[in-house]
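This report concerns only the one structure given below.
FYI, it's all coordinate maths here, none of it is from the lab. All of these numbers come straight from a predicted model, not from anything done at the bench. In this analysis, Cβ positions are derived from the backbone assuming ideal geometry, glycine residues included, and neighbour counts consider all displayed protein chains.
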Amino acid sequence: MIEDEWRYFAPGGAITPGGPSTWYILDWDQRHIIAVTMDEEQESEDIAVQHLRKHIDTLGPDVYAVRLSQDGELVSISTNPRDDQGGCTVLRSHLVELDRFGPNVDLVSYTPCTSELETRKAVFKYYFLFQFIHKIWNELNLWMRLPPHPNLVPFDRLVLDELCHNVVGFTSLYIPGGTIDKNNSRTFKLKWLQQLICVIDDLNLKYGIAHQDVAARNLLVDPKTDALMLFDFNYSGRIGDIGYGEDRDDVKGVIFTMYEIITRDMHFRDVAHHEQNPADVQGLEEWAKHPDVTLDHPVSTYRSVLNDWVNKRRNGKQIALYTEAPEYIEWPEFPTPPPKDTVYSDGKGNTSSVTGVVLEDLRRFERGKGAAILEWERPAQIKLGKDDLVLASGLFASTTGHASSVELSY
């Protein structure tokens, strides 16, 4: 018999700052995952496991999700197969496009499996060109493995395509209010600097991860908790590993970010990363606060807190390789595609077949062979009416969020 202390494992969770929280609890005894949702924010799965223990042996094998009260009593259960959390995923065709933030990044909404009544907003990052596949692979593997943190935007779901259920991207929780860069009318609080310092220390020294793109454009403020939150790991990597560069050092990134927030002077980072010297701003006698910037402490206090931390980091223990961190994060290398037969023609009626690994198939070749193709085309946003809804798959959506049978036309 599996001992109780080894019976439960949480492969992931969906933690909303301030609540609710959902932890996906694997029962090794039944080899069954149950989504446990509570109204409160639970940064650890411990409470969910503690309460689930009371009910696990009375729940049938068809129960995929439960909602618990604060004291652990059952509020509701779900036997809907859609709530099966064998994997924390959502289909691309279930995402309704709300806005287009940038290349390969959209704002979407969908109905999570844990509640038919709740609609969740999320940021969908994806790839559809081979050139971006390795970058998205590293970002999603890193982000999904980071433990919940009050100053990190939570990872949300892996996004699967509708044809073969392959991963085509991921979602992170949407935090409203805009970035520090865009919404700069807010008073920038000293505690937000302290929180930024805390999360950078945890990433670097606890998990062996370098963010490598610390900037005001990658900082949000959660309106529920008033906490600063870091996001966007597309330049991130394991310290000392492939993709890591000392020129993108996070301590340097925090120094420049704070200078830019206070002064709105961006020119020190208008040069290549290897030419950016933090001493250029640290050595300034005065940081002239921009007249439109408001702070809750004098500039000198921010500089003092920042300098004390920088000195501590430079004189403290250094992480030269991510495996030196106490809770370092690993993820698999990008898998090699399976070999396949490819037919080549010399244009004179002669063909030859070669078996090998093909990294990129042109859609026109696959379409010519009658293979089903995953389409990504969608109408220009300017052509959409105010009542038009488009799914992340490029199809129009009905008001219920399901794909209509009408295909896009161009």
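Modelled label positions at ASP308 and LEU163, each set 7 Å beyond Cα in the direction of Cβ, lie 5.8 nm from each other. Look at the alpha carbon pairs under 8 Å that are at least 6 residues apart: their mean separation over the length of the chain gives a relative contact order of 13 percent. Hey, what's the per residue convex hull volume over the C-alpha atoms of region 190-324, in cubic angstrom? Output value, Cα hull per residue: 115 Å³. Considering only C-alpha atoms, what is the centroid distance from region 132-171 to region 31-57, in Å? Comparing the Cα centres of region 132-171 and region 31-57, I get a distance of 23 Å. SER69 label point, 7 Å along Cα→Cβ, cut-off 18 Å on backbone N: hits in region 20-38? In region 20-38, the label zone of SER69 (backbone N under 18 Å from the point 7 Å along Cα→Cβ) covers 21, 37-38.
Amide H contacts for LEU152 (H built 1.01 Å from N in the peptide plane; partners 5 or more residues away or on another chain; cut-off under 5 Å): LEU230. Subtracting the Cα-Cα distance of ILE382 and GLU324 from 0.36 nm times their residue separation leaves 15.8 nm of extension gain.
Electrostatic bookkeeping for GLU3 treats Lys and Arg as +1 and Asp and Glu as -1; over the other residues with beta carbon under 14 Å from its beta carbon, the sum is -2. For the residues ALA372, ALA65, ALA320, a GNM of the chain with alpha-carbon springs under 10 Å puts the largest fluctuation on ALA372. Taking region 114-183, which trypsin sites (Lys or Arg not before Pro) meet the DSSP loop condition and have no more than 15 other C-beta atoms within 10 Å? Of the trypsin sites (Lys or Arg not before Pro), the ones in loops of region 114-183 whose Cβ has at most 15 other Cβ atoms within 10 Å are LYS182. Each stretch of four or more DSSP H residues adds -39500 (n - 2.57); spread over every residue of the chain, this sum gives -5500 deg cm²/dmol at 222 nm. Above 41 Å lies some portion of the pair distances; for the chain, what is it as a whole percent of all C-alpha pairs? The answer is 25 percent, as a whole percent.
Divided by 2.2 N^0.38 Å, where N counts the residues, the Cα radius of gyration of region 4-83 comes to 0.98. Counting every other Cβ atom within 10 Å of each residue's Cβ, HIS267, HIS32 order from fewest to most as HIS267, HIS32. Neighbour counts of other Cβ atoms within 10 Å put VAL105, VAL254 in the fewest-to-most order VAL105, VAL254. In plain terms, the chain from ALA371 to LYS289 could stretch by 23.5 nm, reckoned as 0.36 nm per residue minus the Cα-Cα distance. Take every pair of alpha-carbon atoms less than 8 Å apart whose residues are at least six positions apart; their mean separation over the length of region 190-324 yields a relative contact order of 30 percent.
Working from Cα pairs under 8 Å separated by at least six residues, relative contact order for region 89-173 is 30 percent.
Extension gain for LYS348 to LYS135 (0.36 nm times residue separation, less C-alpha to C-alpha distance): 72.7 nm.
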